[in-house]
Amino acid sequence: MTPKVSIIMGSTSDLPVMEKAMKWLNDQQIPFEVNALSAHRTPDAVEEFAKNAKQRGVMVIIAGAGMAAALPGVIAASTPLPVIGVPIKGGILDGLDAVFSIMQMPPGIPVATVGVNAAQNAAILAAQMIALADSEVAGKIEQWKKGLGEKIEKANRDLAAISEYEYKC
């Protein structure tokens with residue numbers, strides 16, 4: 001099986017956040033791979049990974065990073081593939097430093113950025129990018145989003161059934 005999405009994190013301490021992307025992709029049966037690569041500690045490995053990702057069949061890269069958050073930008077500089085950055089909470093600015101680092105890329109090196117610790121949203125965005133050319137993935141996203149609406153409809157039925165409050169209309 002060839003991965004369509006590559007999930008990269010600066011270290012395994014980021015795994016609890018990045019697992020949300022892994023779980024969503026797995027639930028949707030979208031093949032992915034996962035690696036720990038550090039822009040600061042293994043820069044040569046990061047560059048090699050980024051340069052070879054497309055020829056290995058990867059279509060989108062999700063890169064999680066905290067504090068200085070260089071990883072998504074370094075990857076984006078070495079690949080033509082879309083890169084989605086996941087700022088990871090930590091450091092003295094509690095994730096805001098990572099948000100700014102990932103968002104403020106120079107012209108020509110775009111990195112899509114989701115919210116702090118929002119790895120699931122990164123997985124959904126990656127799938128939406130893939131869905132532009134893959135009708136099977138597009139169908140999975142449509143079904144998943146339909147399920148979101150059904151959950152809210154059920155929640156409203158449950159709320160309507162609450163009868164213990166005297167002044168609830």
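Return the residue satisfying two criteria in turn: it lies in segment 1-31 and is part of a loop (DSSP other than H, G, I, E, B) and hydroxyl-bearing (Ser, Thr, Tyr), and of such residues it is modelled with the highest pLDDT.
Residues of segment 1-31 part of a loop (DSSP other than H, G, I, E, B): 1-4, 10-11, 28-31.
Adding the requirement that they be hydroxyl-bearing (Ser, Thr, Tyr) leaves 2, 11.
Working: Thr2: 96, Ser11: 92.
The residue in question is Thr2.
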task: Select from segment 53-66 the residues that are touching a residue at least 12 places away in the same chain (Cβ under 8 Å) and surrounded by fewer than 17 Cβ atoms within 10 Å (Cβ to Cβ) and list them in ascending order.
output: Lys54, Arg56, Gly57
First in segment 87-110 and more than 18 Å from Met18 (Cα to Cα), second anywhere and hydroxyl-bearing (Ser, Thr, Tyr), Cβ under 7 Å, 6 or more apart: Met103/Thr113
query: Are any residues in segment 46-69 modelled with pLDDT of 95 or more and either β-branched (Val, Ile, Thr) or assigned to a loop (DSSP other than H, G, I, E, B) (or both), and if so, which ones?
result: Val46, Ala53, Gly57, Val58, Met59, Val60, Ile61, Ile62
query: Quick check: is even one residue across segment 134-145 assigned to a loop (DSSP other than H, G, I, E, B) and surrounded by 10 or more Cβ atoms within 10 Å (Cβ to Cβ)?
result: yes
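Does Ile124 qualify as being farther than 26 Å from Val17 by Cα and among the β-branched types (Val, Ile, Thr)? Before you say what the answer is, go through the steps one by one.
Values: farther than 26 Å from Val17 by Cα: no; among the β-branched types (Val, Ile, Thr): yes.
Here the answer is no, as Ile124 does not meet what is asked.
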message: Please verify whether Ile102 is in contact with an Asp or Glu (Cβ under 6 Å, 6 or more places away or on another chain), β-branched (Val, Ile, Thr) and under 14 Å from Ile8 (Cβ atoms), treating the condition exactly as stated.
response: no
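Test Ala76 against the criterion of being farther than 27 Å from Trp144 by Cα, in contact with a strand residue (DSSP E or B) (Cβ under 8 Å, 6 or more places away or on another chain) and in a helix (DSSP H, G or I), and give yes or no. Walk me through how you get there before you give the answer.
Numbers: farther than 27 Å from Trp144 by Cα: yes; in contact with a strand residue (DSSP E or B) (Cβ under 8 Å, 6 or more places away or on another chain): yes; in a helix (DSSP H, G or I): yes.
So Ala76 fits the description; yes.
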- request: Please specify each residue of segment 100-133 satisfying the condition of being farther than 19 Å from Ala69 by Cβ and either under 18 Å from the mean Cα position of the chain (by Cα) or not in a loop (DSSP other than H, G, I, E, B) (or both).
  value: Ile124, Ala127, Gln128, Met129, Ile130, Ala131, Leu132
task: Can you give me the number of residues within segment 82-99 that are closer than 24 Å to Glu47 by Cβ and more than 14 Å from the chain's Cα centre (by Cα)?
output: 2
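The values are calculated or read from the model by the stated rules, or taken from the named source; none is laboratory data. Everything numeric here is computed off the predicted structure, so don't read it as measured data. Note: ideal-geometry Cβ built from the backbone for every residue, glycine included; neighbour counts use all protein chains shown.
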